[in-house]
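What follows is one structure encoded as structure tokens, with my remarks underneath.
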Amino acid sequence: MARPKIALIGSGQIGGTLAHLAAMKELGDVVLFDIADGIPQGKALDIAESGPSEGFDATMSGTTDYADIAGADVCIVTAGVARKPGMSRDDLLGINLKVMKSVGEGIAKHAPNAFVICITNPLDAMVWALREFSGLPHEKVCGMAGVLDSARFRHFLASEFDVSMKDVTAFVLGGHGDTMVPLARYSTVAGIPLPDLVKMGWTTQEKLDAIIQRTRDGGAEIVGLLKTGSAFYAPATSAIEMAEAYLKDQKRVLPCAAYVDGALGLEGMYVGVPTVIGAGGIERVVDIKMNKEEQAMFDNSVDAVKGLVKACKEIDPSLG
Ligand code: APR
């Protein structure tokens, strides 16, 4: 049986890391696409040349022609610009919206059956726009944010508790921005919820609050350190986890920016929610119940996403 085909739209920092990870995990043959001629070809050749040492057989190719993504099973979109220090994700909206138009049309024409994972920021608005421009089914277009935000939360919690990251689960909902909602009640160490761990003296409420804020600011912390771009290792790893769930029909329960129509009191919008990812794409949205305080934070985040979608419609009236 032929290997799955993975198209990476955007071959910058995240795109290159995605290609390397997909190769090492032997998820499929990889096509790197970019508008900057030479970058996708160079990265593809460089990664292919790591094959003999690493022992993978997947093929790597680079292109500036959408025709080469034909029949892709998975498309991961990182095309666009990344933020620099002092910029919020929302500052990228105008430029990246135009990019989503060309990417959406390219995918619709050449890979209409793909499972599409968008990473380009501002995430929730860009994945919505990409779906609109591509016309693909909602369950086949989603955004990577929750896996990354949860991973950051889990990393900070594991360090605080001095336990393995494997035993820490965490839940982050809402938009991928300053209003994201890390849910302490649904985050655990080996099944013990964080509020109980505070009661057990494993940490204090103050320290937990600081970790939650650091999670919200996780992207900005990396931008501040790198100065020339934004995070790429953890974002790429998170998207690969989602792609693998789809390709292997794992039915993973992962938070991601998905189209929600009915669950969590929402009517037809993209936002970060817990989902089940399998061969059908986003197979289910997990309709969790929030308490009053959590609901208020979630509503605030939903409003922020709605504001960004409104801004997109103002910039490009064809999205109206
Ligand atoms: N079509 C295809 N590729 C494009 C287009 C386009 N219209 N416009 C820009 N690109 C390419 C650039 O040439 C560049 O190689 O997208 C790539 C983006 O790579 P980086 O600048 O290295 O950005 P990266 O760190 O990979 O982040 C990409 O993901 O997390 C988000 O905020 C981040 O929006 C940013 C995106």
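The values are calculated or read from the model by the stated rules, or taken from the named source; none is laboratory data. For clarity, every value in this text was computed on a predicted model and none was experimentally measured. Backbone-built Cβ (ideal geometry, glycine too); neighbour counts: all protein chains shown.
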Hits in segment 109-123 (condition: surrounded by fewer than 24 Cβ atoms within 10 Å (Cβ to Cβ) and either closer than 22 Å to GLU244 by Cα or within 9 Å of the ligand (Cβ to nearest atom) (or both)):
HIS110, PRO112, ASN113
Output for segment 155-195, where each listed residue is assigned to a helix (DSSP H, G or I) and under 20 Å from ILE288 (Cα atoms)
ALA184, ARG185, TYR186, LEU194, PRO195
Taking segment 225-237 and keeping only residues that are closer than 20 Å to MET144 by Cα and either part of a helix (DSSP H, G or I) or within 16 Å of the chain's Cα centre (by Cα) (or both), one is left with SER230, ALA231, PHE232, TYR233, ALA234, PRO235, ALA236, THR237
Of all residues being in a helix (DSSP H, G or I) and near the ligand (Cβ under 10 Å from one of its atoms) in segment 33-45, which is surrounded by the fewest Cβ atoms within 10 Å (Cβ to Cβ)? Just the residue, please.
ILE39
Residue in segment 271-283 that is touching a Leu at 6+ places or on another chain (Cβ under 9 Å) and within 16 Å of the ligand (Cβ to nearest atom) present:
yes
First in segment 201-228 and within 15 Å of ARG83 (Cβ to Cβ), second anywhere and in a helix (DSSP H, G or I), Cβ under 6 Å, 6 or more apart:
GLY218/ARG152
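From VAL181, VAL198, which residue is touching a Ser or Thr at 6+ places or on another chain (Cβ under 7 Å) and within 20 Å of GLY146 (Cα to Cα)?
VAL181
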Exactly one condition in (1) under 27 Å from ILE119 (Cβ atoms); (2) modelled with pLDDT of 95 or more is false for ASP167; which is it?
(1)
Condition (residue is at positive phi, exposed (fewer than 14 other Cβ atoms within 10 Å of the Cβ) and not hydroxyl-bearing (Ser, Thr, Tyr)) applied to segment 163-178: is it met by at least one residue?
no
Residue tally, condition within 21 Å of VAL172 (Cβ to Cβ) and surrounded by 15 or more Cβ atoms within 10 Å (Cβ to Cβ), over segment 218-229:
5
May I ask you to say which residue of ILE240, ILE282 is under 12 Å from the mean Cα position of the chain (by Cα), surrounded by 22 or more Cβ atoms within 10 Å (Cβ to Cβ) and not aromatic (Phe, Trp, Tyr)?
ILE240
Being of a type outside the set (Phe, Trp, Tyr), within 13 Å of the ligand (Cβ to nearest atom) and buried (at least 24 other Cβ atoms within 10 Å of the Cβ), is that true of even one residue in segment 58-72?
yes
Can you find even one residue in segment 213-224 that is touching a Ser or Thr at 6+ places or on another chain (Cβ under 9 Å), assigned to a loop (DSSP other than H, G, I, E, B), small (Gly, Ala, Ser) and within 16 Å of the ligand (Cβ to nearest atom)?
no
Complete set of residues in segment 93-103 that are near the ligand (Cβ under 9 Å from one of its atoms) and over 16 Å from the mean Cα position of the chain (by Cα):
ILE95, LYS98, VAL99, LYS101, SER102, VAL103
Checking the conditions here, which among ASP178, ASP217, ASP249 is within 20 Å of the chain's Cα centre (by Cα) and within 28 Å of ILE6 (Cα to Cα)?
ASP249
Over segment 17-32, the set of residues crowded, with 24+ Cβ neighbours inside 10 Å, in contact (Cβ under 8 Å) with a residue 60 or more places away in the chain and within 13 Å of the ligand (Cβ to nearest atom) is LEU18
